[in-house]
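Report on the following structure.
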Amino acid sequence: MTGMIKKPQGSDVQPMAYLEINNVTKRFGDFVALDDVSLTVNEGEFVCFLGPSGCGKTTLLRAIAGLDFQSEGRLVHNKKDISHLPPVQRDFGIVFQSYALFPNLTVAQNISYGLSVREMGRDKVEARVRELLETVGLQDSYNKYPTALSGGQQQRIALARALANKPGLLLLDEPLSALDAKVRIKLRHEMKELQRNLGITTIMVTHDQEEALSLADRIVVMNHGIIEQIGSPLEIYRNPASAYVADFIGDMNFLDAEVLTDNQITIGNYTLDVDQQVKHLPKGEKVTVCIRPEDVMVRNVTADTANVLDVEVLDVEFLGSFYRAILSCHGMGGDMEISANFSINLMRDHALSLGDHIKIALPKKRSRVFSGDKQAR
Amino acid sequence: MNTATTTTYHNHRSTFRQRLSHLGKEDIIMLIALIGISLSMLVAIIFPLFGMFSKSFQNNSGDWVGLGNFIEYFSSPGLVGSISNSIWVSLLTTVITGLAAFVYAYALTRSCMPGKKIFRALSSIPILAPSLLPAISLVYLLGNQGLIREILMGESVYGPIGIVIGMCFYIFPHILMIMITALSTSDARLYEAAEVLGAGPVRIFFTVTLPGARYGLISAAFVAFTLAITDFGIPKVIGGNFNVLATDIYKQVVGQQNFSIGAVVGMILLIPALVSFAVDRHVRKKQTAQMSARSEPYRPKPHKLRDGLLFAFCTMVALFLLTIIGTAAFSSLVKFWPYEMSLTLQHYDFNANDPNGWAPFFNSLTLSAVTAVVGTLMIFFGAYFVEKTKQFALIRSLVQVMAMVPMAVPGMVLGLAYVFFFNAPGNPLNGIYGTMVILGLSTIAHFYTVSHLTLTTALKQIDGEFEAVSASLKAPFYKTVARVHFPICLPAISDVAIYLFVNSMTTVSAVVFLYAPDTKLASISVLNMDDVGDQAPAAAMAMMIVMTSIAVKTLHVFITKGINARTSAWKNASR
Ligand SMILES: Nc1ncnc2c1ncn2[C@@H]1O[C@H](COP(=O)(O)OP(=O)(O)OP(=O)(O)O)[C@@H](O)[C@H]1O
Ligand SMILES: [Mg+2]
């Protein structure tokens with residue numbers, strides 16, 4: 001997980017609050033697109049706004065850029081209150097999903113669009129354009145028109161143009177969504193590397209969780225105009241703060257359960273140990289247990305293992321590097337199904353086939369419990 | 001951690017004053033431009049119409065008389081007769097032109113007949129001429145000394161016959177365009193489906209073709225009716241004693257100085273135009289909904305009999321158009337029709353034929369050039385602000401609404417409204433009355449809507465994020481307009497400029513109320529010379545207008561080629 005290895009630049013000193021978003025609300029008529037959103041972005045950090053379509057990611061990004069003013073709330077950028085400044089007076093570069101390259105200008109003219117020949121001189125402007133083209137690996141495209149480039153190349157030019165003025169903040173609105181899968185992954189890596197090298201504070205909007213997990217230092221998970229959780233990719237993946245986040249990021253099993261004691265719950269006939277997560281809930285309260293398919297234990301499950309279930313293999317689907325098994329557990333009240341990842345080795349070693357009865361365990365460290373039942377989510 | 005801040009801010013809504021003080025330099029430029037544009041539109045469109053509206057409730061000395069003028073008008077049989085005259089003549093014109101244009105459009109879009117390009121080019125001839133021209137030609141052909149007057153079998157061309165034939169010529173290209181659009185927007189797969197289900201050609205025509213085009217046909221009918229009922233040039237030249245609404249306005253206002261009754265007739269003429277405008281808007285919405293992005297264009301297959309019949313029909317229509325324009329050209333070159341048919345250029349010697357000489361022609365050239373340049377720029381910026389900016393939503397929607405109004409106002413009515421508004425003693429703009437400025441203003445206003453829609457459509461196709469990008473690059477919006485939007489829209493901009501130029505050359509209806517002796521225009525000079533019996537010079541001046549229009553259109557073809565050559569570098573650059 002990349003998020004753990006890298007730290008924002010200068011992280012041994014206390015991270016500096018570079019951009020503060022304080023209680024920002026945005027209304028379109030009666031509709032509330034952002035509801036009292038607050039967050040802080042540190043210097044040099046790569047932050048992703050992640051959420052489903054319509055959750056307000058773009059709205060928040062445009063408020064930061066000053067392209068659409070927030071209805072309420074404050075924005076502080078580099079200790080300066082920018083809440084009411086028009087975009088020209090803010091310090092950012094922006095890249096859109098549509099590239100938004102000026103079609104009638106060459107690549108060089110596009111990149112140098114915000115550079116003033118009067119202030120910098122022709123030679124310096126040209127040198128800067130060449131430097132940027134080198135940075136994005138498109139030295140040969142200097143005199144080409146955007147239509148002569150592929151989608152991925154056009155997006156690199158858009159990136160170069162956004163960086164030309166050396167802005168303090170880079171805003172990216174779904175920059176990779178219009179590209180096909182292969183290009184998307186390649187450009188994703190390049191962007192991350194570029195961002196790390198330049199140390200530029202970056203905010204990217206995406207609805208692609210994989211993109212957010214692989215790129216971000218911190219992810220802001222949004223839902224219906226509010227922030228559900230802020231955290232590193234690993235935190236968000238391992239400890240989702242709500243069932244919503246658990247569902248949105250990665251694959252997840254949701255099992256209906258009831259509270260038994262401070263650290264036990266029941267699912268049908270089974271009693272499972274959980275961490276202290278249900279301490280504050282009364283006995284009999286309906287809860288949902290979440291566990292990821294890859295966290296379901298299959299090997300070395302003995303009678304002594306905690307949280308063991310007897311299941312039948314209903315279906316096995318080959319997904320390339322592993323198998324995804326659908327397991328049915330009769331003792332769970334109703335026919336509850338659990339998906340689990342089976343490694344290729346496991347399938348070979350145990351010669352599993354459909355209809356086999358096996359034992360699995362749900363490790364308590366890997367299970368998360370949220371109050372409310374599945375339907376209420 | 002997510003809300004940690006060192007400073008605490010009290011959260012308060014920004015007041016209006018705060019907003020205002022936070023306006024950037026660009027916002028202020030934009031605001032000033034928007035206010036400028038909307039004020040000009042108020043002055044050029046809304047206030048004059050309001051002036052006419054209130055004049056219809058006042059007597060000639062300006063006292064409020066309520067519905068008095070309307071009562072006076074409707075109790076005078078001579079005047080009310082014009083209403084029924086106007087209606088039946090316009091209806092007849094609508095039916096004839098409608099049928100002819102439908103078949104012609106059908107031939108151009110749904111057949112494999114030869115020579116489609118030529119037929120299409122020929123069909124636009126009437127647009128290049130003032131509406132007076134067909135009337136003059138008809139007098140030469142069918143008038144008292146007409147070459148072929150026998151075909152009328154004793155009937156006089158002066159009156160409804162002449163008006164209807166002239167109207168058919170003048171209106172044809174306008175509704176042909178609507179019909180071509182209606183017939184081109186159809187899904188080929190519907191036809192394939194119908195064929196697979198075993199429907200014959202007749203059944204397909206009535207179950208697929210007609211229903212598919214019905215909105216366009218309805219809209220065309222209303223446009224034809226409105227053009228016919230509001231045109232002034234044709235009934236003025238060939239109407240004889242047959243009174244219609246458009247000539248009544250002119251007589252009441254210019255002849256008898258009876259402004260109140262003129263205003264009443266103006267209000268009446270506004271009705272068909274308003275109805276047709278409303279129908280057109282409604283129909284347009286339906287039609288765009290009908291055509292999905294996945295529709296496939298229809299490609300006709302050859303069919304000998306059908307193609308042959310349609311070719312014969314189109315040839316007849318084209319011959320009619322050519323005959324009319326040819327007669328005007330020929331008569332302007334003939335010494336003394338029909339007695340001495342030798343050729344001469346003497347009628348083009350306007351300095352000898354008319355006290356105004358060549359001045360009206362050059363006035364027209366000046367007006368057209370200025371209108372084309374100033375009008376196009378103004379309309380472009382209006383369209384840009386409406387389409388591409390986010391601030392000042394109220395003023396922008398005001399501009400958008402006002403831009404639609406001229407479509408619903410006939411030229412005669414606009415001209416009359418200008419008289420009431422600008423000639424009012426208290427009006428500070430009184431000074432432009434009788435100058436070229438008022439002629440230019442009325443012409444731009446008259447042709448605003450089509451130009452605005454053309455440019456809005458072009459701007460809509462430009463990426464909506466360019467404004468955001470240029471703001472992030474610290475480039476002011478006007479720089480991006482000049483370097484990006486303007487060059488990309490250049491084809492549409494040149495189309496609009498030509499449209500304004502040609503229409504300024506040919507229009508009569510609005511300016512006939514507004515010219516002064518030294519700002520007389522070529523089209524008005526045609527009218528005046530015809531009025532005093534100088535028919536050959538009138539035909540010659542009309543031909544000067546036609547030739548100028550043709551020259552400008554030809555120039556446009558080359559300009560378009562040049563633009564395409566330059567833009568192709570970035571439009572479809574190959575990978
Ligand atoms: N100008 C506007 N007027 C009215 N509603 C708007 C406007 N802009 C956005 N909205 C609404 O605000 C909500 C949030 O929009 P936003 O564009 O921020 O979503 P998003 O999270 O970026 O979604 P997507 O992934 O589809 O881009 C949506 O429900 C949208 O319909
Ligand atoms: Mg978005």
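Relative to the longest principal axis of the Cα atoms of chain A, the long axis of helix A:122-135 makes an angle of roughly 20 degrees.
Restricting the count to DSSP beta bridges whose residues both fall in the protein assembly as shown, what percent are antiparallel, rounded to a multiple of 5?
Antiparallel: roughly 75 percent of the beta bridges in the protein assembly as shown.
Here each label is just a point 7 Å from Cα along the line to Cβ, and for residue B:486 and residue A:31 those points are 3.7 nm apart. Using 1/(1 + (r/R0)^6) with R0 = 51 angstrom and r between the beta carbons of residue B:205 and residue A:348, what's the FRET efficiency to the nearest 0.05? For R0 = 51 Å, the calculated efficiency reads 0.15. Applying D = kT/(6 pi eta Rh) to chain A, where Rh is the Kirkwood radius over alpha-carbon pairs, T corresponds to 10 °C and eta to 1.306 mPa s, the Stokes-Einstein value obtained is 68 µm²/s. The overall shape of region B:42-83 is oblate: from the C-alpha gyration tensor, with semi-axes ordered a ≥ b ≥ c, the ratio a/c is 1.5 or greater and a/b is no larger than b/c. Report, ordered by chain and residue number, the lysines lying within cross-link reach of residue A:286, taken as a straight Cα distance under 28 Å and ignoring same-chain residues fewer than 8 apart. Qualifying lysines at Cα under 28 Å: A:359, A:364, A:365, A:374. Per residue of A:156-162, other chain Cβ atoms within 10 Å of the residue Cβ number 1 on average. For residue B:316 and residue B:50, a Förster radius of 60 Å and the Cβ-Cβ distance give a FRET efficiency of 0.80, rounded to the nearest 0.05. Taking R0 as 51 Å, what FRET efficiency do you get between residue B:188 and residue B:478 from their Cβ-Cβ distance, rounded to the nearest 0.05? Here the calculated transfer efficiency is 0.70. Once Lys and Arg get +1 and Asp and Glu get -1 on their Cβ, which of B:486, B:525, B:435 lies farthest toward the positive end of the dipole of region B:424-575? Result: B:486, furthest along the dipole toward the positive end. Going from the residue with the fewest nearby Cβ atoms within 10 Å to the one with the most, A:40, A:147 rank A:147, A:40.
This ranking places B:566, A:366, A:122, A:90 by how few other beta-carbon atoms lie within 10 Å of each, fewest first, which gives A:122, B:566, A:366, A:90. Once C-alpha pairs closer than 8 Å and six or more residues apart are averaged by separation and normalised to the residue number of chain A, the relative contact order reads 16 percent.
Just how large is the dipole of region B:274-393 about the Cα centre, in debye to the nearest 20, putting +1 at every Lys and Arg Cβ and -1 at every Asp and Glu Cβ? Dipole magnitude for region B:274-393 comes out near 1040 debye. Only one residue of B:272, B:447, B:209 has its Cα farthest out toward the positive end of the dipole of chain B, where Lys and Arg carry +1 and Asp and Glu -1 on Cβ, and that residue is B:209.
Packing around the peptides A:202-210, B:334-342, taken as the average count of other Cβ atoms within 10 Å per residue, puts them in this order, highest first: A:202-210, B:334-342. Counted by neighbouring Cβ atoms within 10 Å, the residues B:333, A:172, B:274, A:354 run from fewest to most as A:354, B:274, B:333, A:172. Residue by residue along B:471-481, Cβ atoms of other protein chains within 10 Å of the local Cβ number 6 on average.
Cross-link reach is defined here as a Cα-Cα straight distance under 18 Å, omitting same-chain residues fewer than 8 places apart; for residue B:286 the aspartates and glutamates meeting it are B:187.
As a length-normalised measure over Cα pairs under 8 Å and 6 or more apart, the relative contact order of chain B settles at 21 percent. Relative to the longest principal axis of the Cα atoms of chain A, helix A:181-198 runs at roughly 60 degrees. Per-residue mean of foreign Cβ neighbours for A:222-234 is 1 (Cβ atoms of other chains, 10 Å radius). In chain B, which helices (entire DSSP H runs) extend 20 Å or more along their own long axis, judged by Cα positions, while averaging at least -0.5 on the Kyte-Doolittle scale? Flagged H segments are B:25-41, B:77-110, B:160-184, B:210-230, B:259-290, B:304-333, B:486-506, B:535-571.
For region A:40-119 versus region B:72-149, the spacing of their alpha-carbon centroids is 58 Å. Remark: relative contact order (region A:251-376) = 32 percent; criterion is Cα-Cα distance under 8 angstrom and separation of 6 or more residues. Roughly how many whole Å is it from the C-alpha centroid of region B:378-449 to that of region A:198-251? Measuring centre to centre over Cα atoms gives 53 Å. In this structure, the residue pairs whose Cα-Cα separation is over 23 Å, taken from A:57/B:479; B:25/B:388; A:80/B:25; B:55/B:251, are A:57/B:479. Which of the three applies to the protein assembly as shown, rounded, prolate or oblate, going by the alpha-carbon gyration tensor with a ≥ b ≥ c and a/c under 1.5 meaning rounded? It comes out prolate by the Cα gyration axes. Positive-end ranking of A:93, A:117, A:150 along the dipole of region A:17-247, with charges on Cβ about the Cα centre, is headed by A:117. Need one word for chain B: rounded, prolate or oblate. Basis is the Cα gyration tensor (sqrt eigenvalues a ≥ b ≥ c); a/c below 1.5 gives rounded, then a/b vs b/c decides. Oblate shape, in that a/c is at least 1.5 and b/c is the bigger or equal ratio.
Rounded to the nearest 20, the size of the Cβ-charge dipole of the protein assembly as shown about its Cα centre is 1540 debye, with Lys and Arg at +1 and Asp and Glu at -1.
Within chain A, DSSP assigns beta bridges of which about 75% are antiparallel (rounded to the nearest 5).
Every read-out reported here was derived from the displayed coordinates using simple, explicitly stated rules and does not represent laboratory data. Everything numeric in this text was worked out from a predicted model, so none of it was measured. Glycine gets a Cβ as well: all are built from the backbone with ideal geometry, and neighbour counts include every protein chain shown.
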